[in-house]
Amino acid sequence: MGAGTSPADGTGTGGQAAGAGPATDEPTVEPAVEPTEGPAGEPAGGPAGEGAEDGGPAPARSRRFSLTRDTARPEGGGRAASGDAPAPARQWPLLAVLCTAGAGLLTVAAGPFDQAFRIGAMLIGVALLAGAVLRWVVPSVGMLAVRSRFTDIVTYGLMGALIVLLALMAQPEPWLHAPFLQDVVHFTIR
């Protein structure tokens, strides 16, 4: 090994491989790169065969690893009615849940009678519970399907049940008494 030689990569100070022969001033010939095709059979550089700016071949597409190619529709995320039905009819499960929750919000906001906040909150919870039941029973629920069927049922069901229980236990004069809550409150407030 002489000066300027690296045993790791086999190159000397001239940048050529060890034992490759004397350095010459002749240009090296690179192998031709075939342009790859992009979407719809167009060259990767763009439409109409646009290549690199200097008129050379189009750059090859990136070979980076990608975990996903596209986002899959959740199971049951198809239309709830046939394609020739009007748009609201195709999304009837979502509209049923949204209209019920909207009626609950309107009831809470307007407060037309005593205990309206409790009834309105219960309507919101019932809407979420109905969404869980629809997601379980109906095979295609349209845009009500957000995640997998199991995840949607658990999410809608838990949130709906919690909202209904909180509405029933709301103060003053709760409709559902939970004695352990008084112990928790007394323990934390002391």
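No value in this document is a laboratory result; all are computed from the given coordinates. Nothing here was measured: the structure is a model prediction, and the numbers come from that model. As a convention, Cβ positions derive from the backbone with ideal geometry for all residues, glycine included, and neighbour counts pool all protein chains shown.
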- Answer yes if at least one residue in region 79-96 is more than 30 Å from Trp175 (Cβ to Cβ) and in contact (Cβ under 8 Å) with a residue 60 or more places away in the chain, and no otherwise. yes
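Here is a yes/no grid of residues against (1) over 30 Å from Gly76 (Cα atoms); (2) aliphatic (A, V, I, L, M):
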position: Ala101; (1), (2): no, yes
position: Ala109; (1), (2): yes, yes
position: Ile119; (1), (2): yes, yes
position: Ala127; (1), (2): no, yes
position: Gly142; (1), (2): no, no
position: Val164; (1), (2): no, yes
position: Leu168; (1), (2): yes, yes
position: Ala178; (1), (2): yes, yes
